[in-house]
Each structure stands twice: as C-alpha cells, then as structure tokens.
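Beneath this line is the structure, given in structure tokens, with notes to follow.
The values are calculated or read from the model by the stated rules, or taken from the named source; none is laboratory data. Being a predicted model, the structure only gives us computed values, none of them experimental. FYI the Cβ positions are ideal-geometry reconstructions off the backbone, even for glycines, and counts take in every protein chain you see. Just the protein is used for accessible areas: all its heavy atoms, side chains included, with ligands, DNA and RNA removed. Shrake-Rupley method; radii C 1.70, N 1.55, O 1.52, S 1.80 Å.
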Amino acid sequence: MKILFACGGTAGHINPALSVADSLCARYPGTEVLFAGNPRGMEARLIPKAGYPFAPIEVAGIQRKLTLENIGRNFSALCLLAKSGPRAASIIRGFGPDVVMGTGGYVSGPIVRKAHQLGCKTITHEQNAFPGVTTKLLAPDVDRLLLAMEGAAKHLHLKNPDKLRVTGNPVREAIFSADREVSRMRLGVDGRICILSFGGSLGATRINEAVADVMAWHRGKANIHHIHATGSYDHEDFLGWMRDKGLDLEGNPHLDVREYIDNMPTCLAAADLVICRAGAITLSELECAGRASILIPSPNVAENHQFHNAMELVERGAAEILEEKDLTGPTLISLLQRLTGDPARLAALGRAAASLAIRDANERIIAEILDLAGK
C-alpha cells in the first residue's frame with residue numbers, strides 16, 4: 001500500500017501526518033510512505049529527520065493584508081501556484097499512491113486537488129474547530145473529510161455530509177503512558193500544586209510577561225511548583241525580568257524556567273493546571289492527559305481559529321479562557337488564585353477535559369485510509 005501525505009507550514013499540520021504514518025508503518029510492514037512539502041518549510045527538516053522520503057513542491061500563501069510588500073509576495077505566490085499543478089502531477093504519477101492525504105498548510109491544496117483530478121482517493125484532515133481556507137477549498141472534492149472536533153462541521157456547509165468523520169487529532173503515545181506519580185517524583189513536585197505554562201517553541205511575549213508577575217506572586221508560597229517554558233525569543237529577557245524582581249532561580253528548585261520543554265509527556269502528567277495557547281494539538285494532548293487549563297488563544301492566527309478551539313473546551317466546562325486583550329499579570333494571578341484555591345474546581349476541569357478526549361484517533365484515521373484503499 002502506498003500513501004502520499006501533503007502537509008506543511010507548522011508543526012500542527014506536520015505532526016499529525018507523521019503520527020499516522022508511524023502507526024501505519026508499524027501495523028502494516030511494507031507500507032510505502034512519501035511526504036510532499038515546501039522545501040523552505042519546517043517540513044523539509046522534520047520529515048527526513050523522522051526517516052521518511054520527502055518530495056519538494058514550492059507553494060506560498062496569499063497575504064490578506066494589502067501592503068506594497070504583500071502585493072509583491074502575492075504575485076510570487078500566484079506564480080508558484082501556477083507551477084504547482086504540473087509539479088504535483090509529477091509527484092503523484094511518479095509515486096502512484098493508493099490514497100493521498102492532506103493534513104493542512106498551503107501545500108495540501110495543489111497536491112490533494114491534483115490527486116482528485118487524476119482519480120486518486122483523497123482525504124483531508126482538519127485539526128481545528130474552525131476549518132482553514134485549504135480545508136474549505138478541498139472539502140467539495142475529497143472522498144473523506146476528517147475532523148478533529150465535531151463543532152467544525154457547522155462551518156463547512158457541505159452538500160454531501162456523508163463524507164465527514166470525526167476522528168480527533170493524533171496524539172503521541174507517550175502522553176497516554178506517562179505515570180503521574182512517577183512524573184511528579186522525577187520533577188521534584190512532591191505534594192505541591194504543579195503549574196505548567198508555555199507559549200510555544202518560539203515563545204509568546206505577552207504570556208512571558210504575565211508569567212513573570214505570576215512567579216513573583218507565588219515565590220513565597222510553599223505549596224506551588226511552577227514549570228515555565230519561555231521559548232527561544234524571550235528567554236534571556238525573561239531571566240532578566242526574574243532578576244529585576246529579585247527572584248533567585250538557582251536557589252529555588254520550585255521555579256523551573258526553561259527555554260523549551262523537551263519532556264512534555266512527563267510535565268503534563270505531573271501538572272495540576274496548564275497555562276497555554278489553544279493550538280489544536282496542544283488541546284488534544286490536554287484532553288488525553290485530563291488536565292485543567294487556562295487557555296490564552298493567540299490573536300495572530302488565521303480566522304482567529306485558536307479562539308474557536310478554546311471555546312470547544314470552555315463551553316463544555318473543560319477549561320478557562322483568558323483572551324490576550326485581557327491578559328496582564330494581575331488578571332492571570334486573580335484567575336490562578338481562584339483555581340489553585342479550589343481543588344475541586346481543578347479536578348472538575350480535568351475530568352471534563354478527559355471526557356472530550358478521542359484516544360483512538362490514529363486507529364480511526366487508519367481505518368478510513370484502509371477503506372479508501374480497498375484494503
């Protein structure tokens with residue numbers, strides 16, 4: 001069986017495809033997988049690193065804000081789009097896939113569309129509660145449209161809703177298998193309330209500024225252990241803010257400040273409360289770990305989709321939301337005081353999050369691939 005994946009732009013589009021590919025190859029030895037992506041995107045690094053062959057195809061997104069610079073970018077993007085059809089056809093004909101699956105990013109568009117035109121079976125997977133432009137454009141033509149969240153269906157207005165399947169987002173196995181007590185022991189949490197906060201691999205300045213105030217607030221409290229990832233952009237600035245506030249990180253093992261969290265399954269298992277953005281994969285991991293959270297959606301994403309993602313949990317009593325326009329040190333501290341002072345509320349949020357988890361997303365997605373491939 002041969003599967004062609006098209007994905008790119010962000011880890012949120014790439015990692016689901018890698019997770020499905022790993023599961024497919026583990027369960028069905030002999031499966032051939034090829035990834036198509038932008039040679040300038042992070043997929044060109046992540047996919048070969050994961051051990052899969054990579055077919056480059058240059059595609060760029062259209063900038064919606066009209067400036068002189070963006071007009072130039074859009075002209076270049078249209079030129080690349082004109083070339084993408086023949087390149088997509090070359091990749092598809094050369095590989096001969098049984099199924100072509102897009103998991104998002106601009107590169108998914110020309111690959112999945114051309115596959116449909118060539119008579120291949122096609123799937124697209126939407127990770128967010130508010131479908132992206134690529135998903136909306138491909139929706140009428142694909143054979144299967146897989147959704148991570150049921151609420152996404154109301155934004156699609158399909159003539160043929162029978163092609164819709166709610167599969168969830170693929171989540172790393174380590175998220176399920178991490179043991180809470182072992183994780184807390186490894187991190188030195190002991191009997192304290194463990195707060196985990198992060199804004200992404202690059203960071204988020206507004207979150208970092210607010211968390212600096214939070215750490216100053218609870219430095220004298222013996223019942224809190226706080227793990228925070230600054231991201232790469234603000235790391236040195238954050239350390240400077242800590243010094244300005246008189247916080248000695250080296251002398252306080254319960255203020256754990258890092259640039260990046262490379263043991264997320266362990267940290268999630270140990271946490272009582274998570275402060276983070278509302279990216280689709282992050283929320284799926286929160287659900288599978290059954291963790292209470294304060295969600296701070298990024299306002300700088302297409303169609304404000306992180307807000308829609310967050311509200312899927314908030315409306316079901318599985319998270320609190322604090323929009324970035326309202327985010328300050330004092331507002332975050334006030335919310336933390338209320339939640340850390342109410343263990344029953346924390347537990348209820350965690351249980352509600354766990355009730356939303358789709359733990360067999362890989363199995364559901366693989367079943368659709370096998371069905372279309374006639375296997």
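In whole Å, what is the distance between the alpha-carbon centres of region 206-259 and region 270-339? Here the two parts' Cα centres lie 19 Å apart. Here's the picture: charge each Lys and Arg Cβ at +1 and each Asp and Glu Cβ at -1 in region 198-331, and of A278, T266, H254 the one pushed furthest to the positive end of that dipole is H254.
Counting only protein heavy atoms and a 1.4 Å probe, region 247-314 has 33 square angstrom of accessible area per residue. Rounded, prolate or oblate for region 165-214? Axes are the square roots of the Cα gyration tensor eigenvalues, ordered a ≥ b ≥ c, and the cut-off for rounded is a/c under 1.5. It comes out oblate by the Cα gyration axes.
For the chain, the dipole from Cβ point charges (+1 on Lys and Arg, -1 on Asp and Glu) about the Cα centre works out to 1000 debye, to the nearest 20.
For region 321-372, the solvent-accessible area of protein heavy atoms averages 47 Å² per residue (probe radius 1.4 Å; ligands and nucleic acids excluded). What is the sum of charges around V274, taking Lys and Arg as +1, Asp and Glu as -1, for the other residues whose C-beta is under 12 Å from the C-beta of V274? Value of the local net charge: -2. Peptides 219-226, 248-255 ordered by packing proxy, namely the average of other Cβ atoms within 10 Å per residue, highest first: 219-226, 248-255.
With the simple model of a label 7 Å out from the Cα in the direction of the Cβ, D244 to H157 spans 4.9 nm. Across the cross-link table entries K136/K159; K114/K154; K121/K375; K2/K375; K136/K163; K136/K325, which are compared at the Cα atoms, the separations over 18 Å belong to K114/K154; K136/K325. Helix 108-117 and the long axis of the chain differ in direction by around 30°, with both axes built from C-alpha atoms. For the chain, the longest principal axis of the Cα atoms and the long axis of helix 329-340 meet at an angle of about 80 degrees. Remark on G102: its backbone amide H falls under 5 Å from those of A6, I123, T124, H125, a criterion applied only to residues 5 or more positions apart or on other chains, H modelled at 1.01 Å from N. Applying 0.36 nm per residue to the separation of E303 and F176 and subtracting their alpha-carbon distance, the gain on full extension is 42.6 nm. Under 24 Å of direct C-alpha separation, and excluding same-chain neighbours fewer than eight residues apart, K221 reaches these lysines: K245. Here the chain has 51 percent of its accessible surface on carbon and sulfur atoms, given a 1.4 Å probe and all protein chains in place.
Amide H contacts for E32 (H built 1.01 Å from N in the peptide plane; partners 5 or more residues away or on another chain; cut-off under 5 Å): K2, I3. Each stretch of four or more DSSP H residues adds -39500 (n - 2.57); spread over every residue of the chain, this sum gives -14000 deg cm²/dmol at 222 nm.
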